[in-house]
Amino acid sequence: MSSATALAHAPFALLPFEHKLDRLAEVAVRIGAGLQPDQELVITAPIEAVPLVRRITEQAYKAGAKLVTTFYADDAASLARYQHAPDGSFDYAPTWYYDALAAAYKSNAARMGITGANPALLAGQDPAKVSRANTAMSVAYKPAMELITRFAINWTIVAAATPAWAALVFPNDSPELALSNLWEAIFFTSRITGEDPIADWKQHNANLTLRVDYLNHKRYHSIRFFTPDNATDLTVGLADQHLWAGGGSTASNGFYCNANIPTEECFTTPHKARVNGHVAASKPLSHQGTLIENIRCTFKDGKIVKATATAGEAAINKLISTDEGARQLGEVALVPHNSPIAQSGILFWNTLFDENAASHIALGQAYSTCLIGGDKMSKEELSALGANDSLIHVDWMIGGPTMNVDGISADGTAEPLMRDGDWV
Ligand code: ZN
Ligand code: ZN
């Protein structure tokens, strides 16, 4: 199953860069997307990811892809819009483009998103414009996004290092060194540095499945997060009929995929009205180009009643005002502090990585697949079970080396799940 190249079993550090990229591409296609023969693949990517996209395209055709279509985005062009476009245009999004994505998924195309754009691109832009553009985009994207969150098709997100992102992660290195460091960090945390990455991923998925099965067996009523310094003491009620998930999953089209490369989390759907207490973010949040630092929130009966931050406080308050469900939770996830990403000690300023470094919660849309039978339920049925509905889904990290987590049963019995950041 593994790469057919002669260097497939050489120590990873000795591989030429092109071969390393090829390994990531192979894992992205076979483990991430789980692409099937005769299936279309639609890729979205930053323009700097061209070398990786070409490898992925090659691997996809080798796996039998019918057609691979890539849409590239360019940070410089996005920035030009904020600097020069007419003010009235920021409530507009190209619905025709998002409808095309939805049409592709409806015709069973697999989806691959490549992340790597500059996380701080819009940091200096007018937050009101950023927010208006994001809202317009979210509305236009909703039909396609619903197919993704419901796992109507197999999909994945992988990362490509880009110069601007690398400069943010490794600010003290030369541009060349920073880029190379970020690529190596992506390779390591994406678990492709072993002798047989495909086999390693199958083992990793099996381990996550064991953990998920245990949590599902326990049927906890709620999860309590608390730290010794009392910065966090948050009780997250779980949705009725909640289902824990982690690692790979089988989409409605029958194809098995890993939606995130890397992934370390076990996650489920909270009850949108049963979250109480206070919580401090353990890492900064990069949201659509704005960096939000030291978020602290107070929840009452599911809703954020107070949100502060030492930087980007306006952005977090705009975010939670996006719509009715934006100040309620759609996800709760457990990640041990001994995961490769946490151990790398790197702050990636990118949710795909940072959310897999720490336990987290997400504001906004719930995953209907995290409810028993949820993928076949109507909006009303999902809501009645406590699943949140929103245009946004934004993860933010609350876990770290001092986080304790209890699973609480319906009768109030608390069972320790995590102590000092790791599984008990
Ligand atoms: Zn998550
Ligand atoms: Zn999430």
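The values are calculated or read from the model by the stated rules, or taken from the named source; none is laboratory data. Everything quoted here is computed from the prediction, not taken from an experiment. Virtual Cβ from ideal backbone geometry, glycine too; neighbours counted across all protein chains shown. Note: accessible area is taken over every heavy atom of the protein model, side chains too, but ligands, DNA and RNA are not part of it. Shrake-Rupley method; radii C 1.70, N 1.55, O 1.52, S 1.80 Å.
Worth a mention:
- Taking the conditions (1) in contact (Cβ under 8 Å) with a residue 12 or more places away in the chain; (2) not in a loop (DSSP other than H, G, I, E, B) in turn, GLY88 satisfies each one other than (1).
- Taken as a whole, the structure leaves SER339 outside the set of residues that are on the phi < 0 side of the Ramachandran plot and either away from ligand 1 (no atom under 16 Å from the Cβ) or of a type in the set (A, V, I, L, M, F, W, C) (or both).
- First in segment 355-373 and over 17 Å from TRP244 (Cβ atoms), second anywhere and open to solvent by 10 Å² or more (accessible area, probe 1.4 Å) and more than 12 Å from ligand 1 (Cβ to nearest atom), Cβ under 6 Å, 6 or more apart: ALA357/ALA342; ALA358/SER282; ALA358/GLY400; GLY364/ILE392
- Matching residues, segment 315-346, being farther than 22 Å from SER368 by Cβ, touching a residue at least 40 places away in the same chain (Cβ under 8 Å) and polar (S, T, N, Q): ASN338, SER339, SER344
- Restricting segment 237-271 to residues that are of a type in the set (A, V, I, L, M) and open to solvent by 10 Å² or more (accessible area, probe 1.4 Å), the residue that is nearest to the chain's Cα centre (by Cα): ALA259
- Looking at segment 357-423, the strands (runs of 3 or more DSSP E) lying wholly inside it that each contain 3 or more residues that are in contact with a Lys or Arg (Cβ under 8 Å, 6 or more places away or on another chain) sit at 404-408.
- Each residue in segment 369-398 was checked for being of a type outside the set (Val, Ile, Thr) and within 17 Å of the chain's Cα centre (by Cα), and 7 pass.
- Top-ranked residue in segment 324-354 [being more than 10 Å from ligand 2 (Cβ to nearest atom) and of a type in the set (Ser, Thr, Tyr); ranked as farthest from ALA259 (Cα to Cα)]: SER344
- Selection within segment 208-227 - touching a residue at least 40 places away in the same chain (Cβ under 8 Å) and open to solvent by 80 Å² or more (accessible area, probe 1.4 Å): ARG211, ARG219, HIS221
- Being outside any strand (DSSP E or B), surrounded by fewer than 17 Cβ atoms within 10 Å (Cβ to Cβ) and not aromatic (Phe, Trp, Tyr) is true of ASN230.
- Residue match in segment 355-374 (condition: more than 16 Å from ligand 2 (Cβ to nearest atom), farther than 15 Å from TRP396 by Cβ and either of a type in the set (Gly, Ala, Ser) or at pLDDT below 95 (or both)): yes
- For segment 310-335, the candidate set comprises residues that are closer than 30 Å to SER383 by Cα and part of a loop (DSSP other than H, G, I, E, B); within that set, the residue that is most open to solvent (accessible area, probe 1.4 Å) is SER321.
- Odd one out for VAL305, checked against (1) in a strand (DSSP E or B); (2) open to solvent by less than 20 Å² (accessible area, probe 1.4 Å): (2)
- In segment 383-407, the residues that are open to solvent by less than 30 Å² (accessible area, probe 1.4 Å) and within 24 Å of ILE372 (Cα to Cα): LEU385, GLY386, ALA387, ASN388, SER390, ILE392, VAL394, ASP395, VAL405, ASP406, GLY407
- Residues considered: SER180, SER138. Of these, the only one that is over 27 Å from HIS84 (Cα atoms), in a helix (DSSP H, G or I) and of a type in the set (Ser, Thr, Tyr) is SER180.
- Candidates ARG296, ARG274, filtered to the one that is of a type in the set (Lys, Arg), open to solvent by 40 Å² or more (accessible area, probe 1.4 Å), touching an Asp or Glu at 6+ places or on another chain (Cβ under 8 Å) and more than 16 Å from ligand 2 (Cβ to nearest atom): ARG274
- Failed item, numbered, when ALA13 is tested on (1) surrounded by fewer than 22 Cβ atoms within 10 Å (Cβ to Cβ); (2) modelled with pLDDT of 95 or more: (2)
- Scanning segment 342-368 for residues that are buried (at least 18 other Cβ atoms within 10 Å of the Cβ), polar (S, T, N, Q) and more than 15 Å from the chain's Cα centre (by Cα) turns up just one, SER368.
- Residue match in segment 278-291 (condition: aliphatic (A, V, I, L, M), more than 20 Å from THR322 (Cβ to Cβ) and in contact (Cβ under 8 Å) with a residue 60 or more places away in the chain): yes
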